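To keep things clear, I will list the structure first and then write my remarks on it.
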Amino acid sequence: DNSIAISNGGYIVATANSTIEYDDMNGNNLYYKDLEGANGFFADATLTSICDANVIYDAGADRFIMVTQTCQGNSSTSEVIMCFSKTNNPLNGWWVYRFSGNPLNDASWFDFPSIGVSTNELYVSGNLIYDAGGFNQTCLFQMTKSVGYAGGTYNSTNSGVWYNVNDGNGNP
């Protein structure tokens, strides 16, 4: 569960399941932290089980985006956490957004986040897994990137969740 993103400015952001690291192009480590806990990246003692972190560099916006999730396998505590770097230098901080990992309120939890971007939108896909076990369906968060990059508030006019997504054969 690792990913890496490299900016035009020479910053490297790498994630490995529940850690994050920044380096420069000369191999110098600039920052390394666990994502969870009071002393972690999020500086939040309530975040005690983080996993599946992914990071990308959005060249059009010259910023980084990181997405991770809580990993307790329970719909009542499941969260999807989306982060937007405030500048192209990850050391300058991040805007952090927390969303329910049970967006359909159907006793399922979010797993295996993947990130995609278009010119204006961020897309985060993942699997919804029933609390009792077994695949429910895929869901997709869609968000206006400019709101995240500005530290704004997400609402029904600039974000949404897609579900009941089927493949070409009509299967979830």
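The values are calculated or read from the model by the stated rules, or taken from the named source; none is laboratory data. Note that the coordinates shown come from a computational prediction; the quantities given were computed from them, not determined experimentally. Cβ coordinates were reconstructed from backbone atoms using ideal geometry, including for glycine residues, and neighbour counts include every protein chain displayed. Remember, those area values only see protein heavy atoms, side chains included, never the ligands or the DNA or RNA. Shrake-Rupley method; radii C 1.70, N 1.55, O 1.52, S 1.80 Å.
Numerical summary
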read-out: Residues satisfying the stated conditions in region 35-48, i.e. open to solvent by less than 40 Å² (accessible area, probe 1.4 Å) and either in contact (Cβ under 8 Å) with a residue 24 or more places away in the chain or more than 23 Å from Ala5 (Cα to Cα) (or both); value: Leu35, Gly37, Phe42, Asp44, Leu47
read-out: Selection count, region 124-146, where residues are in a strand (DSSP E or B) and either more than 15 Å from the chain's Cα centre (by Cα) or within 15 Å of Gln69 (Cβ to Cβ) (or both); value: 14
read-out: Flag if Pro90 is open to solvent by less than 30 Å² (accessible area, probe 1.4 Å) and at pLDDT 95 or above; value: yes
read-out: Filter result for Asn54 (without any contact (Cβ under 8 Å) to a residue 60 or more places away in the chain and either touching a Cys at 6+ places or on another chain (Cβ under 8 Å) or under 30 Å from Ala132 (Cα atoms) (or both)); value: no
read-out: Among (1) over 16 Å from Ser114 (Cβ atoms); (2) buried (at least 17 other Cβ atoms within 10 Å of the Cβ) - the single one Ser76 does not satisfy; value: (2)
read-out: Output for region 6-33, where each listed residue is closer than 14 Å to Ile81 by Cβ and modelled with pLDDT of 95 or more; value: Thr15, Ile20
read-out: Residue among Phe135, Phe141 that alone is in contact with a Pro (Cβ under 9 Å, 6 or more places away or on another chain) and surrounded by fewer than 17 Cβ atoms within 10 Å (Cβ to Cβ); value: Phe135
read-out: Filter result (within 22 Å of Thr77 (Cα to Cα) and open to solvent by 70 Å² or more (accessible area, probe 1.4 Å)) within region 117-130; value: Tyr130
read-out: Test: residue in region 11-34 that is closer than 28 Å to Asp131 by Cβ, open to solvent by 30 Å² or more (accessible area, probe 1.4 Å), among the basic types (Lys, Arg) and out of contact with any His (no Cβ under 7 Å at 6 or more places or on another chain); value: no
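A quick yes/no check of all residues on (1) surrounded by fewer than 19 Cβ atoms within 10 Å (Cβ to Cβ); (2) out of contact with any Ser or Thr (no Cβ under 8 Å at 6 or more places or on another chain); (3) in a strand (DSSP E or B):
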residue: Pro103; (1), (2), (3): no, yes, no
residue: Phe112; (1), (2), (3): yes, yes, yes
residue: Val161; (1), (2), (3): yes, yes, yes
residue: Val165; (1), (2), (3): yes, no, no
residue: Gly168; (1), (2), (3): yes, yes, no
